[in-house]
Every structure is written in C-alpha cells, then in structure tokens.
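The values are calculated or read from the model by the stated rules, or taken from the named source; none is laboratory data. The shown structure was predicted, so the numbers you read here are calculated from the model rather than taken from an experiment. Here the Cβ is made from the backbone with ideal geometry for all residues, glycine too, and neighbour counts use every protein chain on show. Surface areas here come from the heavy atoms of the whole protein model, side chains and all, with no ligands, DNA or RNA. Shrake-Rupley method; radii C 1.70, N 1.55, O 1.52, S 1.80 Å.
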Amino acid sequence: MHGRLKLRPPDSARRRQREEKLRQYREAMDALLGGAPPAQVLSLSAAVLAANPDVGTCWNLRRRALAALGGDWVPSELSFVAQCLGVNPKSYGAWHHRSWVLGQAPAPPGGREDLALCERLLAADSRNFHAWEHRRALAAGRDVQAELSFAGALLARDFSNFSAWHHRLRLLAPARRSGHARPGWLPPEKLREELELVQNAVFTDPTDQSAWVYLRCVLSRASPPPRLVGVHADREDELLAVVFSRPVKVNPERPQVRATLNGSALAGPWRSGEGRPRPSHTWLCPLPAPPADSPARLEVTWEPDSALREVTLQPGEAEAWWQEPIEERELFWPEVGVAEAQVLQEQVRMCRELLELEPRSRGCLLTLSLLLAALDPRGHAHEIREHLRSLQEADPLRSGFVADVQSRFEAVLGILGAGEELSLSAKGLTSLPLLERLTGVTRLELSGNELRALPAALGALRRLRELDLSRNRVSEVGVAPPLPRLRLLRLDWNPISHASALTSLAAWPRLAQLGLAETPLSSTPRRPRPLGRAPPWR
C-alpha cells in the first residue's frame with residue numbers, strides 16, 4: 001500500500017522462502033496443466049492464486065472447473081476472490097473473475113457485499129480504479145442519489161480525490177444525455193448544486209486541479225458532430241472542395257458526401273485535401289468541365305448532417321464558394337453547454353473573487369479565461385490576455401499548452417473581424433487552429449510568430465492568394481498541401497534552405513513569387529523571386 005514500509009526477512013531466509021514458493025508453484029502448475037480433475041483444479045488454483053492473484057492461466061482453468069462441477073458455488077467463490085483482492089487489490093485477473101462469477105449467479109445479487117468490498121478497498125486506496133469501475137457497474141441498478149452521496153462523502157474528506165469527482169460526473173452523464181431539449185443538459189437545480197460543491201472545493205484548496213477540471217466538465221457537453229462549413233468550386237482546376245468543422249474520413253468506396261452538378265451525381269473519387277489517407281478537414285472531388293455559357297449548380301450533402309449546401313458557378317467565373325456564418329461561442333470553447341449567460345457570469349464572479357485571494361491559482365486563471373471567451377471574447381480581450389500571461393508565469397512547466405490556448409484565442413479574435421484579408425502578425429502564435437473557418441480568405445499575414453511548420457489543415461484555404469510566413473521558425477513545408485490559388489508566399493527569415501523550399505513548392509500550381517532569405521541570419525530578406533509555373537497538383 002502507498003506509504004507503508006515493507007519489512008523483509010534476512011537475505012538467506014528470503015532466498016529459502018522464494019525457492020520453496022517456486023517449487024510449490026511449479027508442482028501446482030504441472031498438475032493443473034496435466035489435466036487434473038475439476039475438484040483438484042479448484043484446490044490447486046486456490047493455492048496459487050492465494051499467493052499471486054495475477055496468474056491468469058489459473059483463473060481460466062478455475063472457470064472451466066466451476067462450470068463443469070455445477071452447483072451453487074457463487075457465494076464461496078465471491079468470498080475467495082475477496083481474499084485474493086486482499087493480497088493484490090488491483091489484480092486484473094481477480095476483478096475480471098469476480099465480474100464473471102456475478103454473471104453466473106442464478107439471480108442478480110443484492111450487491112451489498114460488493115459495495116462493502118469496494119468501500120474497504122477505496123478507504124485503503126482512493127485511486128483503485130478497478131474498485132471504482134466495479135462500483136459504477138453495481139450502481140447501474142441503484143439509486144443514483146445514493147451514489148452521489150457516497151462520492152460527496154469522500155469529497156468532503158478530501159477535495160483532491162479526482163476519482164470521486166470522476167465518479168460523480170459519470171453518474172450525471174445519463175441525466176446530461178437525456179436532457180437534449182435543455183441547452184445545459186442538467187436541470188438548473190442540479191447544475192446549481194454541482195457548482196456550489198465546486199465553489200466549496202476551490203475556495204478550500206485553490207491550487208488543486210481536480211475541482212477545476214470537474215467544473216469545466218460540468219459546464220461542457222460532448223463535442224458537436226462534424227458538419228459541412230465550406231464548399232469551393234474551382235473551374236480552372238476542375239475541383240470541388242468541401243470543408244468540415246472537424247477532421248473526417250471519407251470512404252472512397254461508399255462516401256458519405258454526395259455532390260451533384262446540375263442534378264447529375266459526381267462520380268468521384270474523393271481524396272483528402274492533405275494528400276494523405278487520414279481524417280482531414282478538406283476533401284476534394286474531380287469536377288467535370290461545367291458549361292461555359294450557362295450557370296453550373298453544385299449541391300453537396302453530408303449524410304450525418306443531411307443539410308444541403310449549394311454554390312453556383314456563373315458563366316465567366318473561375319470559382320464559387322460558400323462558408324457557414326461564424327458564431328463567436330463556437331470558436332474558443334465550442335463544447336460549452338450552458339446557454340444561460342447568467343450561470344457563466346456567476347462563475348466569472350466566483351473566479352475573480354478567488355483570484356484576489358490566490359492570484360497564482362492555475363485552475364482559476366485558465367477557467368476564467370475560458371469563461372470570458374465563451375461570454376464575449378472581443379469585449380474581454382485585454383483581461384483574457386492578462387490572465388493567460390499570468391498563467392504562463394504561474395505554470396512554466398505547461399508553457400506550451402498555455403501558448404496553444406493563447407494562439408487559439410488570438411486566432412478567434414482575428415477570425416471574428418476578418419473579411420477576405422486577415423492579419424495575425426506578431427501575435428506569438430505557436431499553432432494555427434481554426435483554418436477550416438477561413439475558407440473565404442484571400443490574403444493571410446502570419447509574420448513575426450513562433451510557427452514551426454505549415455499546418456496540414458492549410459488545404460482548407462482554397463481561395464488564398466497571398467501568404468506571409470516571414471520571421472517564424474518554419475524549417476520545412478513538405479507536409480503542407482499545395483494551395484490551388486496561392487501566388488505569393490513569403491518565407492523570409494525562417495530556418496529553411498532554398499533547396500528544401502524549392503523542392504517542396506514545385507508542385508504548387510499557381511505559385512509565382514517566393515520570398516526566401518539566404519539564411520535565418522541574413523541581414524536583409526531577399527525580394528520575392530519568380531517561380532516557373534508548375535503543373536496542377538493531382
């Protein structure tokens with residue numbers, strides 16, 4: 001057990017004990033594997049498992065013997081497994097065997113003995129996940145309120161008991177799923193009860209992360225399913241591109257995406273916009289040459305979403321596109337499930353009060369930043385930046401995570417104010433999220449950040465003409481998919497060689513100018529150099 005000193009006998013005595021145990025174990029296993037009768041299998045396996053409950057072969061042979069003998073052996077077998085768990089409370093084999101025995105009972109047992117067993121084991125080690133999972137299985141047929149009271153009693157003794165918080169959240173999950181008509185998924189009175197419990201915990205120990213994680217889970221819901229957020233038709237490249245809110249995998253043999261041109265289905269095949277057979281934001285389909293003298297109507301549907309998206313290529317137009325309108329709340333914290341702003345504002349007030357007492361509470365700084373962004377990211381931009389800066393100082397070991405959170409926030413602010421041109425220069429970006437929301441952008445400035453590579457999701461920017469990545473840390477561009485309409489790319493002051501860049505960018509169809517310094521330490525960046533036209537990427 002945790003924190004207990006284990007007393008060992010002298011070396012010579014310990015060696016003799018080990019040799020004797022090994023001899024007995026070998027004799028027992030030879031007899032078990034030699035085809036012993038069921039009654040002898042039970043006695044021999046009991047001797048082995050009582051000393052070491054992790055011998056899976058013995059549990060398997062024991063189950064066969066019990067099934068062959070018949071009779072009412074469930075109570076005695078449950079008692080034997082309890083003894084084995086006393087030797088090793090986290091034995092996978094013992095817990096699996098106990099579940100099997102309960103499944104063989106002629107009538108479902110009351111569960112009182114099992115609940116008592118779980119309580120004893122959790123009192124000895126509150127992190128015994130086997131006992132927690134077993135108790136959750138038993139709780140399926142019990143009063144949920146009784147289990148919530150049990151978890152609450154453990155939390156009253158120790159608010160840092162993350163397993164108890166997790167158990168409580170799992171108990172509330174069915175209630176959350178059944179309330180689809182309610183924006184918050186939990187009844188208001190139940191939600192308020194959980195928030196009061198969290199408030200007691202965080203004011204008791206603001207530095208512990210368990211209650212903060214639970215608070216963010218209670219306020220959240222499951223991630224929304226993927227849906228179509230953009231469609232782009234390119235007459236010159238003869239390609240139809242569809243962009244999803246989350247990476248998806250389109251099966252070439254039975255694609256869930258359906259596209260028609262003037263009522264005729266497109267044959268496909270669909271391929272990833274990243275050029276790799278994996279889930280992707282962007283998927284491409286060959287587009288037959290539309291008629292030049294009449295409108296070309298393209299309709300796209302995605303089976304799980306079932307919504308119809310439509311674009312029309314007019315005569316003489318090179319491209320047509322559609323993008324879903326952007327909602328602020330779906331960008332920074334899209335999983336937030338509480339619709340009532342008053343609930344979120346109450347949590348903001350609580351966090352602000354706590355920060356006055358504990359200004360370096362990591363969980364409070366992160367949660368407050370998320371809450372403010374969910375309410376009004378633009379109105380609270382200055383305060384959010386200050387909290388993320390304080391979080392960076394308070395938690396230097398997780399500086400990379402905080403930098404990515406800050407990058408998402410800066411990207412959200414840029415996207416909310418973007419038209420066809422977007423500037424995110426000198427924002428300290430370490431990542432570039434939400435590119436799937438920039439389908440209509442034609443010019444993107446990212447100079448002066450901390451980006452190390454071109455993200456694969458860059459392929460969603462089907463209309464992009466100019467991309468400025470100067471003064472970053474980009475060392476290679478080979479993983480980025482070619483952008484069909486990009487004409488100008490600046491990579492000045494990046495640790496990337498000419499040979500690597502020119503080789504990787506040779507397949508970009510319309511790239512005409514490339515800005516590339518000789519070395520990262522060049523005194524002045526070179527002017528954009530012209531590139532020969534490369535064949536379209538297929």
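Summary table
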{"quantity": "Helices (runs of 4 or more DSSP H) wholly inside region 308-414 containing at least 2 residues that are surrounded by fewer than 18 Cβ atoms within 10 Å (Cβ to Cβ) and over 26 Å from the mean Cα position of the chain (by Cα)", "calculated": "341-357, 381-394"}
{"quantity": "Members of region 418-453 found to be open to solvent by 10 Å² or more (accessible area, probe 1.4 Å), in contact (Cβ under 8 Å) with a residue 60 or more places away in the chain and among the aliphatic types (A, V, I, L, M), listed by number", "calculated": "Leu434"}
{"quantity": "Search result, residues across region 448-466 that are within 17 Å of Leu514 (Cα to Cα), over 27 Å from the mean Cα position of the chain (by Cα) and not charged (D, E, K, R)", "calculated": "Leu464"}
{"quantity": "Test: residue in region 456-466 that is more than 27 Å from Arg329 (Cβ to Cβ) and surrounded by fewer than 19 Cβ atoms within 10 Å (Cβ to Cβ)", "calculated": "yes"}
{"quantity": "Verdict on Leu298 being of a type in the set (A, V, I, L, M, F, W, C) and touching a strand residue (DSSP E or B) at 6+ places or on another chain (Cβ under 6 Å)", "calculated": "yes"}
{"quantity": "Test for Leu422: is it modelled with pLDDT under 95 and aliphatic (A, V, I, L, M)", "calculated": "yes"}
{"quantity": "Residue match in region 248-255 (condition: part of a strand (DSSP E or B), at pLDDT 85 or above and open to solvent by 70 Å² or more (accessible area, probe 1.4 Å))", "calculated": "no"}
{"quantity": "Residue pairs meeting the criteria (Cβ under 9 Å; at least 6 apart or on separate chains; first basic (Lys, Arg), in region 281-307; second surrounded by fewer than 17 Cβ atoms within 10 Å (Cβ to Cβ) and not in a strand (DSSP E or B))", "calculated": "Arg297/Asn262; Arg297/Gly263"}
{"quantity": "Meets criteria (at pLDDT 85 or above and surrounded by fewer than 19 Cβ atoms within 10 Å (Cβ to Cβ)) for Pro495", "calculated": "yes"}
{"quantity": "Residue count for region 56-85, restricted to those that are open to solvent by 20 Å² or more (accessible area, probe 1.4 Å), closer than 18 Å to Gly34 by Cα and touching a residue at least 24 places away in the same chain (Cβ under 8 Å)", "calculated": "6"}
{"quantity": "Pairs with Cβ under 7 Å, 6+ apart, first in region 264-275 and under 18 Å from Lys249 (Cα atoms), second assigned to a loop (DSSP other than H, G, I, E, B) and open to solvent by less than 70 Å² (accessible area, probe 1.4 Å)", "calculated": "Gly268/Pro255; Trp270/Val250; Trp270/Pro255; Gly273/Pro481; Glu274/Pro481; Gly275/Pro481"}
{"quantity": "Odd one out for Asn88 among (1) open to solvent by less than 70 Å² (accessible area, probe 1.4 Å); (2) within 25 Å of Arg120 (Cβ to Cβ); (3) modelled with pLDDT under 90", "calculated": "(3)"}
{"quantity": "Check on Arg98, charged (D, E, K, R) and loosely packed, with under 14 Cβ neighbours inside 10 Å", "calculated": "no"}
{"quantity": "Residue in region 434-454 that is within 24 Å of Pro226 (Cβ to Cβ), part of a loop (DSSP other than H, G, I, E, B) and among the polar types (S, T, N, Q) present", "calculated": "yes"}
{"quantity": "Test set (1) hydrophobic (A, V, I, L, M, F, W, C); (2) open to solvent by 30 Å² or more (accessible area, probe 1.4 Å); (3) within 17 Å of Trp270 (Cα to Cα) - Val242 fails condition number", "calculated": "(2)"}
{"quantity": "Residue pairs meeting the criteria (Cβ under 7 Å; at least 6 apart or on separate chains; first closer than 20 Å to Ala173 by Cβ and modelled with pLDDT under 85, in region 331-356; second open to solvent by 30 Å² or more (accessible area, probe 1.4 Å) and assigned to a helix (DSSP H, G or I))", "calculated": "Val336/Arg329"}
{"quantity": "Pairs where the first residue, in region 12-23, is under 19 Å from Val48 (Cα atoms) and the second is assigned to a helix (DSSP H, G or I) and open to solvent by less than 100 Å² (accessible area, probe 1.4 Å), C-beta under 8 Å, 6+ apart", "calculated": "Lys21/Ala51"}
{"quantity": "When residues of region 107-137 are limited to those that are open to solvent by 40 Å² or more (accessible area, probe 1.4 Å) and under 17 Å from Ala173 (Cα atoms), the one modelled with the lowest pLDDT", "calculated": "Ala137"}
{"quantity": "Qualifying residue in region 17-29 (condition: touching a helix residue (DSSP H, G or I) at 6+ places or on another chain (Cβ under 6 Å), under 21 Å from His134 (Cα atoms) and among the aliphatic types (A, V, I, L, M))", "calculated": "no"}
{"quantity": "Residue that is acidic (Asp, Glu) and within 25 Å of Glu327 (Cβ to Cβ), where the choices are Glu386, Glu410", "calculated": "Glu410"}
